[in-house]
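The structure under discussion appears below in the form of structure tokens.
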Amino acid sequence: MTTTTHGTPALVAYDDAVRRYDPVIGIEVHVELGTRTKMFCPAEQSFGAEPNTQTTPVSLGLPGALPVVNGTAVEYAIRIGLALNCQIAESCRFARKNYFYPDVPKNFQTSQYDEPIAFEGWLDVELEDGTVHRVEIERAHMEEDAGKNTHVGGSAGRIHGAEYSLVDYNRAGVPLVEIVTKPITGAGERAPEVARAYVQALRDIFRVLDVSEARMERGNVRADVNLSLRATPESPLGTRTETKNVNSFRSVERAVRYEVSRQAAILDAGETVIQETRHFHEEDGSTSPGRVKSDAEDYRYFPEPDLVPVAPSREWVEEIRATLPELPQARRRRLHDEWGFADAEMRDVVNAGALDLIEATVAAGATPAAARKWWMGELARRAKQDEVELADLAITPAQIGELQRLVDSGRINDKIARQVLDGVLAGEGDPEAVVVARGLEVVSDDGPLLEAIDAALAAQPDIVEKVRGGNQGPVGAIIGSVMKATRGQADAKRVRELVLERIG
Amino acid sequence: MTDLTRLSAAELAETLARKEASSVEATRAHLDRIAAVDGDVHAFLHVSEDDALATAADVDARRAAGEELHPLAGVPIAVKDVVVTKGLPSTAGSKILEGWIPPYDATLVEKIRAAGLPILGKTNMDEFAMGSSTEHSAFGNTHNPWDLDRIPGGSGGGSAAAVAAFEAPLAIGTDTGGSIRQPGAVTGTVGVKPTYGGVSRYGLIAMASSLDQAGPVTRTVLDSALLHELIGGHDPRDSTSIAEPLPPLVEAARQGALGDLSGLKVGVVTQLQGEGYQPGVLARFHESLELLTKAGAEVVEVSCPSFDYALAAYYLIMPAEASSNLAKFDGMRFGLRVEPTDGPVTAERVMAATRGAGFGDEVKRRVVLGTYALSAGYYDAYYGSAQKVRTLIQRDFDAAFAQADVLVSPTAPTTAFKLGEKLDDPLAMYLNDVATIPANLAGVPGISVPNGVAASSDGGADLPTGFQILAPAKADDRLYRVGAALESALESTWGAPLLSRAPELG
Amino acid sequence: MSTISRDEVARVAALARIDLRDDEVDRLAGELDVIVDSIARVREVATPDVPATSHPLPLTNVFREDVPQPALPVADVLAAAPDAQDGRFAVPQILGEE
């Protein structure tokens, strides 16, 4: 048991907690859509622009401004809904969620409330060991992002010398889709893994759908993690907490673990969990209570009168469905079949992030087995050694394909191929160029080879005798000295043939 | 030389087109008139003399160069202060926006500028268009040109008074529950609320988004048609804007002025007369009906029972939407910022202090009422029920328009009352809009045409009355046809426009 | 039916972020009581079978193309701000911010 700096008395060890309680998670994921313009106005949206350079009267909430829905954002939302096996609403509306906050320029957020564009879906989430957990999706709805506040310390304060904030509205109005799960039950001790895998799976889907860059580190994808405990899977749901803005896969996992341990301690003490929002702390993986807002629950939702209903025709929905790209899970299954890898091999490939690389290498002409051998073998070793991702190595699938072709054609052997790899990684060019520049080509003219063989035979007459006597065992020693003499460039198989021929 | 301020906009436009006067002369004449009488009337919150004269000079130059111009080019116009004008103050009559200079133009202002109408200035109004007397302006009352001790109606009292006092031939109003039509009635001017979605709302400082509509304020029906055609039409920046083109309005006005209404069925709404209506107002109403009958129209009685609930529904929907629309006035990004007098200076407390100091009584009343109606536990009973009444009112309109081509009523139940008379009785003030509100709830268009004068109930001088005509959505042309026919019949009875009977000012 | 108490007015005014003086709260409580009594009659006819109408005209699917338009110049954006610094709006301390 430990204590934290955030006022929680004690934690129950995770393993102990999940032995005695059944965790139920719920996850709300916000994804910023990668449209060119904002949700309700034609201000351009891009990461890293100078403050307040991407605003219109609409995204600044100036008097008189009116919203108009970005049709592409609606299409993206439908894409997401379909990818999550949701139904798409025949008609749905935006509502106003009223609350005062300086980064919300109108002091209401335009969001969908009781009429989401997509609802009742599911996503099968695969854990690292291949276990599949189905996550039921309650809804996916459209809304707009808020601006960004930067807190400025008191010493430099200009407002009566107090602390103050600086607000940038570039992000205000950026289109968001919020995806809300139903309570995720049955994960048991693997709840943190399921939570993480779910968010990761969503991220992959957003990328494949091309609806968002989905970069966690830029806040394109943000997760709120709900967690409650109950005595057994048969018990009614317990009181939940909502940990806001958990913004990396690892943090999602840690937040769930922490809340399990924290809530178990509260329940063990015979106390009740308070329903509240909590903050996640990256430094130590803990959570702490958020500010209690007296009127936070009274958002006074009502249908947004400045917008008209969105009623996607069934034709449009089917058109979008027909153009959906292959989704990550289906693709994994297809490639698994096509490549014929063992289940464990395939999992390793996926977990190593080598799927795209191998697929591209196969496309470049290598066999799946060869592609896997390179990426999961030599290249994985080097990536690990350099502490980089596989994809970040300075070598392309096309280059690996070329390298493998050189091996297959017998122009280099496996050992030389590693040297070629060194050259490519060192920026010396494509494999072919490295082979030529470094003079690594396998010796294919038998002349110089025969000279080397004759020299080796002459140097080791006793071995020649033994071989002639019918004992082929020691022939390796001859081959070895030939290979040494040719600095490994000879084709060992050919050397063996020629040696045996010579000895006759 | 003719007094250019006494011409209708159509007449002035022709005078300019014939080069008998320049736009600079016309604009100067109106600015002079403003200087002469606005001290008494206080129709304007801001006069944009330099801007107006510059536009006028530009139009004159273009006309001299033989450029083809909009028919209203060079005719000056006044704009209600609720409409956002780039570079000109736009306060909506509120202290919270005092000094705010918008960085953009409303769509209708863009159209006005593109057509070359010099903008004389911004007109006074009830704060955020909340009121029926213009007494809720943070910047002083506007006075009715017919009797300076009386209200000019509201919320667009400034625009109506400016036109009635010959300070401008044209003005822009906005009508959420009658704010164009009711001031028209009590000042003897013409006011039109177009079909919801007929004129872009982009750049109107919103009160109630599903009810607000901008429209013309003029002295003649034809002038309203001309201005309506200029400011109306589809705007992609307003999601609720109607995509189809406007019906031909000027043509309808010209045709109506010929006086033949044969085949037209006029429906008198049972619920919009009788109790609460001043006897003189009803007398003028019935005389007007007779004139329409003489012109060939058939008058039928239609019943719209849900109209009895319109005022109640309106006073839920309007404050609810307003409470949200006015949330943006918080002292963070523009306008007034007030710090609390004691305690910590936090954003939350500065917002509350700013709104407490910046909003007037009526705004506070409606924002609190609207917040209450939307708050947890009350939504279904109040806002939800009001939206259902809205359905019933639309159904009543549908049924009524199946029996009649247009519906008619007195525009306002009374003539102009005295300044201060109803200020302490909000409910009595709200009753001014009883006949105009149903049109806003259903989105249908309406016009108020001056139809005479009546003795005021408190024994003062005779004051103007208005005749309201309502048409089905998107059939705004009917307003102009019937309105112009009534106007021409009345004027031939009177021998001169009604406003010629208004006392001289200045 | 309604009796709107001072507390209710104070609660709603806080929700609406409007500081009210005590005398304003008193007056509003009385006024709102009368107004709410009068408008509560909408419930007489708002039966369950009647659908709600939120838009005067039945429009749907009004979309904008995803094509950027020029942004407002930052100078214009900040010109009206009560306080600004480094291209951003300066606002008083926000409670709950870290």
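The values are calculated or read from the model by the stated rules, or taken from the named source; none is laboratory data. Bear in mind the structure is a predicted one, so any value in this text is a computation, not a measurement. Counting neighbours? That spans all protein chains shown, and the Cβs are built from the backbone with ideal geometry, glycine included.
Just give me the residues in region A:333-370 being more than 18 Å from the chain's Cα centre (by Cα) and at positive phi, in sequence order.
A:Gly340, A:Gly365
Which of the residues that make up region B:355-400 are in contact (Cβ under 8 Å) with a residue 12 or more places away in the chain, under 15 Å from B:Tyr314 (Cβ atoms) and facing chain C (nearest Cβ under 7 Å)?
Matches in region B:355-400: B:Arg365, B:Leu369, B:Ser385, B:Ala386, B:Gln387, B:Val389, B:Arg390, B:Leu392, B:Gln394.
Taking the condition farther than 29 Å from A:Glu297 by Cβ and either surrounded by 22 or more Cβ atoms within 10 Å (Cβ to Cβ) or under 27 Å from the mean Cα position of the chain (by Cα) (or both), does B:Tyr309 pass?
Spelling it out, B:Tyr309 is indeed farther than 29 Å from A:Glu297 by Cβ and either surrounded by 22 or more Cβ atoms within 10 Å (Cβ to Cβ) or under 27 Å from the mean Cα position of the chain (by Cα) (or both).
Return the residue satisfying two criteria in turn: it lies in region B:226-256 and is surrounded by fewer than 21 Cβ atoms within 10 Å (Cβ to Cβ) and small (Gly, Ala, Ser), and of such residues it is nearest to C:Leu59 (Cα to Cα).
Taking the candidates together, the pick is B:Ala243.
Does any residue in region A:98-109 that is within 7 Å of chain B (Cβ to nearest Cβ) come within less than 7 Å, Cβ to Cβ, of a residue that is β-branched (Val, Ile, Thr) and part of a strand (DSSP E or B) six or more places away or on a different chain, and which pairs are these?
A:Pro102/A:Val167; A:Pro102/C:Val91
So in region A:42-68, with the set limited to residues that are among the aliphatic types (A, V, I, L, M) and surrounded by 22 or more Cβ atoms within 10 Å (Cβ to Cβ), which one is nearest to C:Asp86 (Cα to Cα)?
A:Leu60
Which of (1) in contact with a helix residue (DSSP H, G or I) (Cβ under 7 Å, 6 or more places away or on another chain); (2) surrounded by 23 or more Cβ atoms within 10 Å (Cβ to Cβ); (3) not in a helix (DSSP H, G or I) is the odd one out, the single condition B:Tyr196 does not satisfy?
If we test B:Tyr196 against (1) in contact with a helix residue (DSSP H, G or I) (Cβ under 7 Å, 6 or more places away or on another chain); (2) surrounded by 23 or more Cβ atoms within 10 Å (Cβ to Cβ); (3) not in a helix (DSSP H, G or I), just (1) comes out false.
State the number of residues belonging to region B:450-506 that are of a type in the set (Lys, Arg), within 18 Å of B:Gly191 (Cα to Cα) and outside any loop (DSSP other than H, G, I, E, B).
Number of matching residues: 2.
Anything in region B:459-476 that is modelled with pLDDT of 95 or more, out of contact with any strand residue (DSSP E or B) (no Cβ under 8 Å at 6 or more places or on another chain) and not basic (Lys, Arg)? List them, or say none.
Within region B:459-476, B:Pro472, B:Ala473, B:Ala475 qualify.
Filter region B:66-115 down to residues that are facing another protein chain (nearest Cβ under 10 Å), at positive phi and within 22 Å of the chain's Cα centre (by Cα), then give me how many there are.
1
Quick check: anything in region A:21-36 more than 11 Å from chain C (Cβ to nearest Cβ), in a helix (DSSP H, G or I) and either of a type in the set (A, V, I, L, M, F, W, C) or surrounded by fewer than 23 Cβ atoms within 10 Å (Cβ to Cβ) (or both)?
Scanning region A:21-36 turns up no residue that is more than 11 Å from chain C (Cβ to nearest Cβ), in a helix (DSSP H, G or I) and either of a type in the set (A, V, I, L, M, F, W, C) or surrounded by fewer than 23 Cβ atoms within 10 Å (Cβ to Cβ) (or both).
Taking the options A:Ala459, A:Ala371, name whichever one is of a type in the set (Gly, Ala, Ser) and farther than 25 Å from A:Leu498 by Cα.
That would be A:Ala371, the only listed residue that is of a type in the set (Gly, Ala, Ser) and farther than 25 Å from A:Leu498 by Cα.
Wholly within region B:33-146, which strands (runs of 3 or more DSSP E) include no fewer than the required count, namely at least 2 residues that are surrounded by fewer than 24 Cβ atoms within 10 Å (Cβ to Cβ)?
B:44-47
In the set B:Ser324, B:Ser303, which member is more than 11 Å from chain C (Cβ to nearest Cβ) and either out of contact with any Ser or Thr (no Cβ under 8 Å at 6 or more places or on another chain) or among the hydroxyl-bearing types (Ser, Thr, Tyr) (or both)?
B:Ser303
Conditions tested, residue by residue: (1) small (Gly, Ala, Ser); (2) in a helix (DSSP H, G or I); (3) surrounded by 12 or more Cβ atoms within 10 Å (Cβ to Cβ); (4) within 14 Å of another protein chain (Cβ to nearest Cβ).
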{"site": "A:Pro312", "(1), (2), (3), (4)": "no, no, yes, yes"}
{"site": "A:Leu324", "(1), (2), (3), (4)": "no, no, yes, no"}
{"site": "A:Met346", "(1), (2), (3), (4)": "no, yes, yes, no"}
{"site": "A:Thr361", "(1), (2), (3), (4)": "no, yes, yes, no"}
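Considering every residue within region A:451-466, establish whether at least one is part of a loop (DSSP other than H, G, I, E, B) and loosely packed, with under 13 Cβ neighbours inside 10 Å.
Looking for residues that are part of a loop (DSSP other than H, G, I, E, B) and loosely packed, with under 13 Cβ neighbours inside 10 Å, one finds none in region A:451-466, hence no.
List every residue pair whose Cβ atoms sit under 7 Å apart, with the two residues 6 or more apart in sequence or on different chains, where the first one lies in region B:204-223 and is in a loop (DSSP other than H, G, I, E, B) and the second, anywhere, is surrounded by fewer than 24 Cβ atoms within 10 Å (Cβ to Cβ) and of a type in the set (Ser, Thr, Tyr).
The qualifying pairs are B:Ser210/C:Ser54; B:Arg219/B:Ser8; B:Thr220/B:Ser8.
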